[in-house]
Every structure is written in structure tokens, then in C-alpha cells.
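Asker: First the structure, which I've put down as C-alpha cells, then a few questions once you've had a look.
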Amino acid sequence: MRTVTLPRRAFLATLAALALGGVAALRLEPASDVRETFYLFGTLVEIETHGVPERMARAAIARAGQSLEAAHRDWHGWRPGELGTLNTAIAAGRPQRVDATLAALLRKGRALSCASGGLFDPAIGRLVGAWGFHADTLPEGDPPSAAAIAALVARHPRMTDLRFDGTEVRSLNPAVQLDLGAYAKGAALEMAAAELRAAGVEDAVLNAGGGVQVMGRHGARPWRVAIRDPFQWGVVAGVSLRPGEALHTSGNYERYFDRGGVRFSHILDPRTGRPMQGIVSVSVLDTDGARADAAATALCIAGREAWPRVAAAMGVRAVLMIADDGAVFATPEMMARLEPAQGGYPAPVQIVSLPEDVTPPACPED
Ligand code: ADP
Ligand code: MG
């Protein structure tokens, strides 16, 4: 996906104390960068730690990998599992108890969806399925008919239809089908980072197609990542991420299919039931990875007029947008963080300040 880590190499040796049979022995174990890759969420997930001995790093990465696998299984709306069971219950009009982590994730998704004015809305799973974007492979058939799309949109599935009683979830609308694809990766990377921290890792980068989460630093330097140029092989800019930050990019150039010269992206506008148009990519930098991921998706749909208000309402400040005519927009907060690639930006960056007077919409509390 859209973000790639730039080459970085710095090796550090540490002394690791190893207790052997009651006698403290000192063993030299180089604490270099340790890297592992998983295939999850339909993409490669790479975890790289810095500054911890290899054995400890591998154990920590394994633990983080398990939490990613659990998220993949439990938060998948299209396979048997926690979320699949909830989707079945919602369609049947029944409440369903879910585990506390999923309940918290759904509550957060509802709040973000409400703030976005419904542009980010994980309740539109039936539309995602109708377009065929629910599978790991790309759709092969024709786009759904206008009538089929209209019928699904007319049932108005929304995250704000969800109600919570502790960890029991119900929906006021049986047309809701949950597909967390637009923010699950951001949330899962945060969760995996917490696992790494619990296993003693302070400095790491987690990279999953279009999304990066960092912990700490890369030695004396920050972790540095690049935002890919959506039009060609290359880089739009680099960004040095501060400890705990995440950078998520969404766009129409990764998952899409072309029919009759028209590009159909996997990001759907819940108002029309049709793929986003006019925007090629949006990157959001934030201290909250799930929010950055959700906002990147929402701002793709908001488009070049409405995005500043939607960003402000969702609480994100650092945004970069590239439109399909090549125009590049950035908030001052993002501009301050961008490091132009060699040769400069692909187009002059237009600075857009976010409005200050955005009143968040009223959102359900329980
Ligand atoms: P990526 O696949 O690169 O992580 P996104 O974060 O933008 O991209 O998520 C896109 C996925 O989210 C789609 O594949 C679909 O499952 C789901 N989705 C599509 N449109 C929306 C939307 N408007 N709101 C919430 N989820 C959506
Ligand atoms: Mg997203």
C-alpha cells in the first residue's frame, strides 16, 4: 500500500545479562533491528524492532503477531468469528454479546462515523459485498445494478443505529452489516504495538499496506516513512514520525477494478452507494491510529470541497490530499511535517487551514 519505510540501518550492540544456574553470566548479544513479516488483512504486515536483543525481539514480535491474527479473525465481517456472529444476529434482529475489545472498537467506530457525518460508515457491509470488495481478491463480474445499489442505500444502514448495553450490541436497523475494513488496520496496529511494549520493546515500527504505527524512535533518529506517489513509482514526501504516531493513507489506486474505462475504487460513498471519485489519495497523521485510518477513508469520500470540515469534525489536523488532476493539498500541520523528496513535490502544495468553527454533530451515547 501507500506507505513504505525508507531504508534505514543502524546497529547497536548491547550487553545482555543472562542468568545461568544461579551464576550471572554476561553474554554479548547484538541488539540490531529485527524484522518479521506476516500476511494479514489482505496485505503484508511488517514489524521491525530496534534496540532489543534478537531473542527478546522475536518473542515480542510473535506476541504482537498473535494479537494481529486475533484481530483478523475476530474483526472479520465475512468469515465465521465474533463479528460474523454479530452480523448474523443483527440481520435477525437479535442482540449479541461480544468481547470487550470488539465492543470498544465498535463504540469508537460509531463515534468516528457520527463525527464524519456518515462518510466513514462501517455499517455499509452489504454495499461492500454487493460491489465484491469484501474478498481478498478483486471483483471479477460487472458492477452491481443501479437498482440493487439504490435498494441497499434506501435501507440507510448506519453505525449510529448501534446500541450498547455493556458488551451487548444490537442494531436498530437490520440492514446494518459491519465491515471494519476502513479502520481495523489502524486499531490492530495500535493493539500490536501495545503487545510489543508489554513484551519490553520500546522502539518499533509496524507497517501494513497504507498504514504505519511507530513506537519510540530508531536510535538517535525518529522513524522515517515515505508517502508513495499514487501516479507513479516514487515518493511524494517523507515524514519523520514522533513516538506513538500513526500515518494512514487511503486511495483509489490500490484496490479497484476498471470497467469500460471507469475506475471503481473499494471506498464507497454511503450516500450514493457508489465508489469515491475525484480523489486519488489521502494521508492522515495522528496520535490515534484507528482515527487516522478512519479519517483517511472519510476524507477520500468528502472530496476536495468538504474535506477540511470533515477533518476538523473528526479531530484530525495533519492531512495530505492528492486529487485526480494532480493537485496536492495539505493542512499547515501536515506541511510542517513533510520532507520533500529529491526533486521536490510532484505539484505545488496548496495549504488549506482547517475551519475552527465546526460543531460536532450530536451522537448516540449508549
Ligand atoms: P485499505 O484497504 O487500504 O485499508 P481503507 O482504510 O480506505 O483502505 O478501507 C477500505 C475498506 O473499508 C473497503 O475495502 C471496505 O471494506 C470498507 N469501506 C468502503 N467504503 C467505506 C466507507 N465509506 N466507510 C467505512 N468503510 C468503508
Ligand atoms: Mg482507512
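Asker: Please work out the Cα center distance from region 248-310 to region 137-151, rounded to the nearest Å.
Answerer: Each part reduced to its Cα centre gives a spacing of 19 Å.
Asker: Taking 7 Å along the Cα-to-C-beta vector as the label spot, tell me the Asp258-Asp142 distance in nanometres, rounded to one decimal.
Answerer: Once both label points are built, they end up 2.0 nm from each other.
Asker: Follow-up. Pop out the ³J(HN,Hα) list for region 264-278 in order, Karplus 6.51 cos²θ - 1.76 cosθ + 1.60 with θ = phi - 60°, rounded to Hz; leave Gly and Pro as x.
Answerer: With coefficients 6.51, -1.76 and 1.60, one gets 10, 7, 7, 9, 9, 7, x, 6, 10, x, 10, x, 3, 9, x Hz.
Asker: Sticking with the crude label model, points 7 Å out along Cα→Cβ, report the distance from Arg309 to Arg63 in nm, one decimal please.
Answerer: About 4.7 nm separates the two model spin labels.
Asker: For region 81-181, what does the alpha-carbon gyration tensor say about shape, rounded, prolate or oblate, given a ≥ b ≥ c as the root eigenvalues, a/c under 1.5 as rounded, and a/b over b/c as prolate?
Answerer: Here region 81-181 falls in the prolate category.
Asker: Additional query: Using each residue's phi in region 347-363, evaluate 6.51 cos²θ - 1.76 cosθ + 1.60 at θ = phi - 60° and report the 3J(HN,Hα) Karplus result to the nearest Hz, with x for Gly and Pro.
Answerer: 8, x, 7, 8, 7, 10, 7, 7, x, 9, 9, 8, 8, x, x, 6, 10
Asker: Considering only DSSP beta bridges where both residues belong to region 211-366, give the percentage that are antiparallel (nearest 5).
Answerer: 90
Asker: A follow-up question, please. Rounded, prolate or oblate for the chain? Axes are the square roots of the Cα gyration tensor eigenvalues, ordered a ≥ b ≥ c, and the cut-off for rounded is a/c under 1.5.
Answerer: Since a/c reaches 1.5 but b/c is at least a/b, the shape of the chain is classed as oblate.
Asker: Step through the residues of region 182-196 one at a time and calculate ³J(HN,Hα) from phi using the Karplus curve (6.51 cos²θ - 1.76 cosθ + 1.60, θ = phi - 60°), rounding each to whole Hz and writing x for Gly and Pro.
Answerer: 7, 9, 5, 5, x, 5, 5, 5, 5, 5, 5, 5, 5, 5, 4
Asker: Another one. Helix 289-314 versus the longest principal axis of the chain: what angle, 0 to 90°, nearest 10, using Cα atoms?
Answerer: 40
Asker: Report the relative contact order of the chain, percent, no decimals, based on alpha-carbon pairs under 8 angstrom and at least 6 residues apart.
Answerer: 17
Asker: Sticking with this one: What residue among Arg155, Arg170, Arg242 has the largest mean-square fluctuation in a Gaussian network model of the chain, using Cα springs under 10 Å?
Answerer: In this elastic network of the chain, the residue with the biggest mean-square fluctuation among Arg155, Arg170, Arg242 is Arg155.
Asker: Near the amide H of Phe231, under 5 Å away, which other amide H atoms are found, from residues 5 or more places off or on another chain, if H is placed in the peptide plane?
Answerer: For Phe231, whose amide H was placed from the backbone, there are no distant partners under 5 Å.
Asker: I would also like to ask the following. What's the ranking of 206-218, 222-234 by average number of surrounding C-beta atoms within 10 Å, highest first?
Answerer: Result, highest mean first: 206-218, 222-234.
Asker: Summing +1 for each Lys or Arg and -1 for each Asp or Glu, what net charge is found among the other residues whose Cβ lies under 12 Å from the Cβ of Asp324?
Answerer: Around Asp324, the charge tally is +1.
Asker: Expected output is a single nm value to one decimal: the length gained when fully extending between Arg35 and Asp357, i.e. 0.36 nm times separation in residues minus the C-alpha distance. What is it?
Answerer: Net length gain for the segment: 111.5 nm.
Asker: Report in % the part of the accessible area of the chain that belongs to carbon and sulfur, leaving out ligands and nucleic acids; probe 1.4 Å.
Answerer: Carbon plus sulfur share of accessible area: 54 percent.
Asker: Would you mind counting up the charge near Ala246? Only other residues with Cβ under 12 Å from its Cβ, with Lys and Arg at +1 and Asp and Glu at -1.
Answerer: Summing Lys and Arg as +1 and Asp and Glu as -1 gives -2.
Asker: Still on this model: Between Ala347 and Ala198, what is the FRET efficiency for a Förster distance of 41 Å, r being their Cβ-Cβ separation, to the nearest 0.05?
Answerer: After rounding, the FRET efficiency stands at 0.40.
Asker: Here is a further query. Can you compute the modelled spin-label distance between Phe231 and Arg55, with each label point 7 Å from Cα toward Cβ, in nm?
Answerer: Going by the 7 Å Cα→Cβ label model, 5.3 nm.
Asker: Something else now. Please give me the summed charge of the neighbours of Leu112: other residues whose Cβ is under 12 Å from its Cβ, Lys and Arg +1, Asp and Glu -1.
Answerer: My count for the surroundings of Leu112 gives 0.
The values are calculated or read from the model by the stated rules, or taken from the named source; none is laboratory data. Everything numeric here is computed off the predicted structure, so don't read it as measured data. Neighbour counts run over all protein chains shown; Cβ positions are idealised from the backbone, glycine included. Side chains included, ligands, DNA and RNA excluded: accessible areas come from the protein's heavy atoms. Shrake-Rupley method; radii C 1.70, N 1.55, O 1.52, S 1.80 Å.
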